[in-house]
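Taken together, the values in this text are just the output of simple stated rules run on the coordinates, not laboratory data. Keep in mind it's a predicted model, so treat the numbers as computed, not measured. Positions of Cβ are backbone-derived with ideal geometry, glycine not excepted, and every protein chain shown enters the neighbour counts.
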């Protein structure tokens, strides 16, 4: 369950995940020709990532670079420096954020784009803030027979250029346009204490922020770090153009032909000096508090049992009976259970802060037994997903450090198991959850290397032991509030429902129950129909992140935060080492 977040490797690891995904894509996909509005062949890292993901998608060709003739004039740069009302923001953004940002670091794509032709274009003013391409340039661009134009340059564009490609001009807006329009990206959400950051990829129309939303996602707002929040949103959304293209290749163009956004949210502007000073002071205060809390408070999970079916959580949380904790530095989490002659046999992650590693232990809840280890996979193990097929009991423990998803079968339940298959290789899958639905096996998970709590991946197979194929639109969903699996899927009113973690407030802070609306190898959609929050009273009020069905009962986990000596020593040592390296 604990995982080390290394954002410095996020782009490279994400590209590796893309390579794994597209290797199993259908042969001979529909060819897609893409033009890129750019300032040249040097791109911010997040834009370079988006281009590379497109290039890694079979059938996709970067066919044209559309660059501005001239560029930003020195007079314009000087005018920005003389804007004293926003001087603190300018210094903070240019002097700190863009220099430290992983998303903004420059990446030279000259070699990768060496054969791509380039057109230099000029624009003329269109209204107070917009610009319009001259007719000759629009005609030249049309001559390249583009399917999509991806905008990474120019300003608020209007006119015929919006129709120069078959599926229009696509552009990112890093903010939920229904509430936060304008600029700077993701700033005002943090300034106003929002727990999540919305972002969209849209097909532009003549109306500002009134585009057709092609993809929408939500990222957690790191309250004490504008830089990290911005990087997460920028790097985390880079995969969306390739998803939108793959959707077209799958024969679905509904997303590019939908209704435009009708937002009338106010347009934000760069923050003034006083606003920035207050913002920076709050950021500093939150940073100090986060460091102190990280050192002195550690999560302590335990298992609970609700004498009610999992469907009861759709209408509210039933009464939960909590098990005793196994020890001062240990905890039990991620419970799954099998009913054996009326006795509840629970498998769970058994984590020890002293060793910083989890194993899978079993406990007879109704028999009052103590936890005993049944799985030591050689790497950190958690989320022991239990299920039965034709009288056989299977378990898929999370072993992301092994970079594979392993299937085990019980030889002598609950003690003896054999490794029967490796379902997925080359992916650090988290919380793998399988279910049989519509004559096919489905596997839901997230990827430790790319959006561990934010991006949902789906795989499918005709047989449990495989072969397993990735969904055509992986990652099918980007939402910190309802992506990462959180327990056993179930059928209610004839529809498949899926528990998912809600990490918007904290890791393991809650659960969303989604109803799956569409599930096929080339399409996916779901809606949240219930939220499960930790109990309002008792010790375990800080978190809940697993609910698992076992007949007419449900096993859950609960979290409290406390001081644990082993965790404090490990965290302090880790931070001191980082300081020494700096």
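Dividing the Cα radius of gyration of segment 310-466 by 2.2 N^0.38 Å, with N the residue count, gives 1.06.
A full extension of the chain between residue 343 and residue 262 corresponds to an added length of 23.6 nm, given 0.36 nm per residue minus the alpha carbon distance. Report the percentage of all Cα-Cα pairs in segment 441-564 whose separation exceeds 24 Å, rounded to a whole percent. In whole percent, the share of Cα-Cα pairs in segment 441-564 beyond 24 Å is 30. Distance between the 7 Å Cα→Cβ label points at residue 352 and residue 274: 5.8 nm. Axis of helix 565-581 versus longest Cα principal axis of the chain: the two differ by about 30°, to the nearest ten degrees.
Using only the C-alpha atoms of segment 297-581, find the volume of their convex hull and express it per residue in Å³.
Taking the convex hull of the Cα positions in segment 297-581, it is 134 Å³ per residue.
In terms of the mean number of neighbouring beta-carbon atoms within 10 Å, the peptides 471-477, 344-350 order highest first as 344-350, 471-477.
How many nm separate the modelled label positions at residue 403 and residue 286, each set 7 Å beyond the Cα in the direction of the Cβ? With each label point 7 Å from Cα toward Cβ, the separation is 3.6 nm.
So, R0 is 30 Å and r is the distance between the beta-carbons of residue 192 and residue 83; what FRET efficiency does that work out to, to 0.05?
Taking R0 as 30 Å, the efficiency between residue 192 and residue 83 is 0.85.
Taken over segment 297-358, the ratio of Cα radius of gyration to 2.2 N^0.38 Å equals 1.29. At an R0 of 45 angstrom, the distance between the Cβ atoms of residue 144 and residue 105 translates into a FRET efficiency of 0.90. Subtracting the Cα-Cα distance of residue 39 and residue 463 from 0.36 nm times their residue separation leaves 147.7 nm of extension gain.
Using the Cβ-Cβ distance between residue 518 and residue 296 with R0 set to 60 Å, the FRET efficiency works out to roughly 0.85.
Looking at the chain, the DSSP beta bridges with both ends there are about 80 percent antiparallel.
The calculated 222 nm mean residue ellipticity attributable to helices in the chain amounts to -6000 deg cm²/dmol, summing -39500 (n - 2.57) over DSSP H runs of n ≥ 4 and dividing by all residues. Taking every Cα-Cα distance in segment 31-290 and sorting them into 5 Å bins starting at zero, the pair-distance distribution P(r) comes out as 1, 6, 12, 16, 19, 18, 14, 8, 4, 2, 0, 0 percent. From least to most packed, judged by other beta carbons within 10 angstrom and beginning with the fewest, 91, 65, 576, 208 follow the order 576, 91, 208, 65.
Relative to the longest principal axis of the Cα atoms of the chain, helix 45-55 runs at roughly 80 degrees.
Over the Cα atoms of the chain, the radius of gyration divided by the Kirkwood radius equals 0.99; this is the Rg/Rh ratio. If you wrap segment 124-248 in the convex hull of its Cα atoms and look at it from every side, the mean projected area works out to 8.0 nm². Axis angle, to the nearest 10 degrees, between helix 10-23 and the longest C-alpha principal axis of the chain: 80 degrees.
A simple spin-label model places the labels of residue 372 and residue 574 3.3 nm from each other, with each point 7 Å out along Cα-to-Cβ.
Mind ordering 450-461, 359-370, 31-42, 104-115 by average Cβ neighbours within 10 Å, highest first? Display every interim value, and only then the final one.
Values: 450-461: 23.2, 359-370: 17.1, 31-42: 19.8, 104-115: 12.9.
Final packing ranking: 450-461, 31-42, 359-370, 104-115.
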